[in-house]
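To start, the structure itself, in structure tokens.
The values are calculated or read from the model by the stated rules, or taken from the named source; none is laboratory data. What you are looking at is a predicted structure, and each value in this text was computed from that prediction instead of being measured. Cβ placement follows ideal geometry from the backbone for every residue including glycine, while neighbour counts extend to all protein chains displayed. Each accessible area value is taken on the protein alone, full model and side chains, heavy atoms only, with ligands, DNA and RNA left out. Shrake-Rupley method; radii C 1.70, N 1.55, O 1.52, S 1.80 Å.
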Amino acid sequence: MSRALWHVNRSPLRYAVKSGVSAWHRGEKRERRRQAQLLNVSAAERNKAEELNRNGYAVVTELMDPAIQARFADAGIARLADVEALEAKQSSNWKKFWVRLLDAEMKDGKLGADNVFVQYALQPSVINIVATALGEIPWLDYVLLSYSRHTGEELASSQLWHRDHDDVRVIKLFSYLTDVEQDGDGPFTFLPRQSTDKFGFPLLGSHFPDDRVFDKVPRGDVKVMKAPRLASFMVDTAKCLHMGSRMAPGRGRLLYTATFFAFPRMYPGAKNRPFSLAPDTTALQKLILGL
């Protein structure tokens, strides 16, 4: 079923499927739209949401909350100091160039809503931008802290050009926790929405080498997110071809990702949410976390 939906999501039928699954949840959809109207969205946040919808991406560094950003930065560096031990504890290693740094602190597969990496995704500026872009309170699907490094193997998986087909729209917040200022640092690299449209949806394959992409799209269209530590940006990875983690020997990149959808999630399953309540979790946060 999941594989079939993945193929549907690569075709115009994805909009019909999304409408169909949404119809089963009319009540919650209405509530999410109503709650979005109640948000206190600033002009700057609204402008970023418009950029995200228009171009498929927006740089949002200046809108991050400095207070939580400081705790977030310290937490990232603390986990980076223990990469080797955390690699041994991670629940998945299908991307050999990645180490997932949050797996070890999950309890029964869940992160607490008060975890700093969950709180970073829940900060008002992030929710205001994503909710304005989607027209409703979003569904936070997961948060991820990943360390990328050089393996010496051929490019594979997300190191190749691809879109995410989890849903009609997949809005991801990315934040660097190490400096990513050179090609060898593995910068997140993508094509804006308009350029991705030129490439379309090939019938065969899902991950593409550079030459396949640049047969249809000018290399000059590429956006390479070279930026210092704590730079933050949002990308609709369903609408923008992207790749990253192309590391040079001896380099490492620590990246935070928070993934948002419009409710309900298109793929079946996901009943076991990767989050758990904290004593001070608000009603709005519960809606975002699906709890």
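Some observations on this one:
- When +1 charges are put on Lys and Arg Cβ atoms and -1 charges on Asp and Glu Cβ atoms, the dipole computed for the chain relative to its Cα centre reaches about 1000 debye.
- Options PRO264, SER245, PRO218, ranked by Cα towards positive dipole end of region 169-291, top entry (Cβ charges): PRO264
- Calculated FRET efficiency for the pair LYS95/ASP183, C-beta based, R₀ 22 Å, to 0.05: 0.65
- When its C-alpha radius of gyration is set against 2.2 N^0.38 Å (N residues), region 1-134 gives a value of 1.32.
- Residues whose amide H comes within less than 5 Å of that of LEU111, counting only those at least five positions distant or on another chain, are PHE275, SER276 (H built at 1.01 Å from N in the peptide plane).
- Simple point charges give the picture: +1 on the Cβ of Lys and Arg, -1 on the Cβ of Asp and Glu, and for region 144-291 a dipole about the Cα centre of about 360 debye.
- Within the accessible area of region 6-120 (1.4 Å probe), percent carbon and sulfur: 52 percent
- Residue-wise HN-Hα couplings along region 20-25, as the Karplus relation 6.51 cos²θ - 1.76 cosθ + 1.60 with θ = phi - 60° gives them from phi, are x, 5, 5, 4, 6, 10 Hz; Gly and Pro carry x.
- Across TYR176, TYR142, TYR15, TYR147, the residue with the most accessible area heads the list, and the full order at a 1.4 Å probe is TYR15, TYR142, TYR147, TYR176.
- In the full protein context, region 65-208 carries 41 Å² of accessible surface per residue, based on a 1.4 Å probe and ignoring ligands, DNA and RNA.
- Cleavage-rule hits, chymotrypsin sites (Phe, Trp or Tyr not before Pro), region 83-125, DSSP coil, Cβ neighbours within 10 Å at most 16: TRP94
- Between the listed residues TYR120, ALA78, ASN53, the Cα displaced farthest toward the positive end of the dipole of the chain, a dipole computed from Cβ unit charges relative to the Cα centre, is found at ASN53.
- Protein-only accessible surface at a 1.4 angstrom probe places the residues MET225, MET106, MET234 in the order MET106, MET225, MET234, largest first.
- Gyration tensor over the Cα atoms of the chain: the corresponding equivalent ellipsoid has semi-axes (square roots of 5 times the eigenvalues, largest first) of 27, 25, 19 Å.
- What the pair-distance distribution of region 74-190 shows, using all Cα-Cα distances binned every 5 Å from zero, is 2, 9, 17, 20, 22, 17, 10, 3, 0 percent.
- Ranking ILE137, LEU191, SER158 by Cα position along the charge dipole of region 120-209, where only Lys, Arg, Asp and Glu carry charges on their C-beta atoms, puts ILE137 farthest toward the positive end.
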